[in-house]
1. I'd like the full set of residues that are farther than 25 Å from Val11 by Cβ and of a type in the set (Gly, Ala, Ser), limited to segment 22-61.
2. What are the pairs, 6+ residues apart or on separate chains, where a residue within segment 27-55 that is among the small types (Gly, Ala, Ser) has its Cβ under 9 Å from a residue that is part of a helix (DSSP H, G or I)?
3. Counting only residues that are surrounded by 10 or more Cβ atoms within 10 Å (Cβ to Cβ) and part of a loop (DSSP other than H, G, I, E, B), which one in segment 16-30 is farthest from the chain's Cα centre (by Cα)?
4. Kindly evaluate Val2 against the criterion of being aliphatic (A, V, I, L, M), at pLDDT below 85 and under 19 Å from Gly67 (Cβ atoms).
5. Of the residues Thr53, Thr66, which single one is of a type in the set (Val, Ile, Thr), surrounded by 11 or more Cβ atoms within 10 Å (Cβ to Cβ) and part of a helix (DSSP H, G or I)?
Amino acid sequence: MVIGPKSSLSVYALHPGLVRTELFRNFAWYQKMFITPAIWLMSKDSWHGAQTTIYCAVDESIELETGKYYR
């Protein structure tokens, strides 16, 4: 496949931010005691974390802005 200046392919780099996941589920209780409050204060829930990805996937106004970074 040849991709030229008239290609309909759009490429985006994105970072959803710090999203609450089960990444720390296997930590010991004493590790969780210090990490969990900080994560809850600084992070987003999964719905808010997905908004950057959804925006890049469905917003037609950025269709020609290929190669940009979204956060």
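The values are calculated or read from the model by the stated rules, or taken from the named source; none is laboratory data. Keep in mind that what you see is a predicted model, and the values were worked out from it rather than measured. All Cβ positions, glycine included, derive from the backbone under ideal geometry; neighbour counts span all protein chains shown.
1. Of everything in segment 22-61, those that are farther than 25 Å from Val11 by Cβ and of a type in the set (Gly, Ala, Ser) turn out to be Ala28, Ala38, Ser43.
2. Pairs that qualify, where the first residue is among the small types (Gly, Ala, Ser) and the partner is part of a helix (DSSP H, G or I), are Ser43/Gly49.
3. Filtering segment 16-30 for residues surrounded by 10 or more Cβ atoms within 10 Å (Cβ to Cβ) gives 16-21, 23-24, 27.
Those left that are additionally part of a loop (DSSP other than H, G, I, E, B): 16-18, 20-21, 23-24, 27.
On the way: Pro16: 2, Gly17: 6, Leu18: 8, Arg20: 11, Thr21: 12, Leu23: 15, Phe24: 18, Phe27: 24 Å.
Step by step, filter segment 16-30, then rank; the result is Phe27.
4. Details: aliphatic (A, V, I, L, M): yes; at pLDDT below 85: yes; under 19 Å from Gly67 (Cβ atoms): yes.
Spelling it out, Val2 is indeed aliphatic (A, V, I, L, M), at pLDDT below 85 and under 19 Å from Gly67 (Cβ atoms).
5. Details: Thr66 fails: part of a helix (DSSP H, G or I).
The match here is Thr53.
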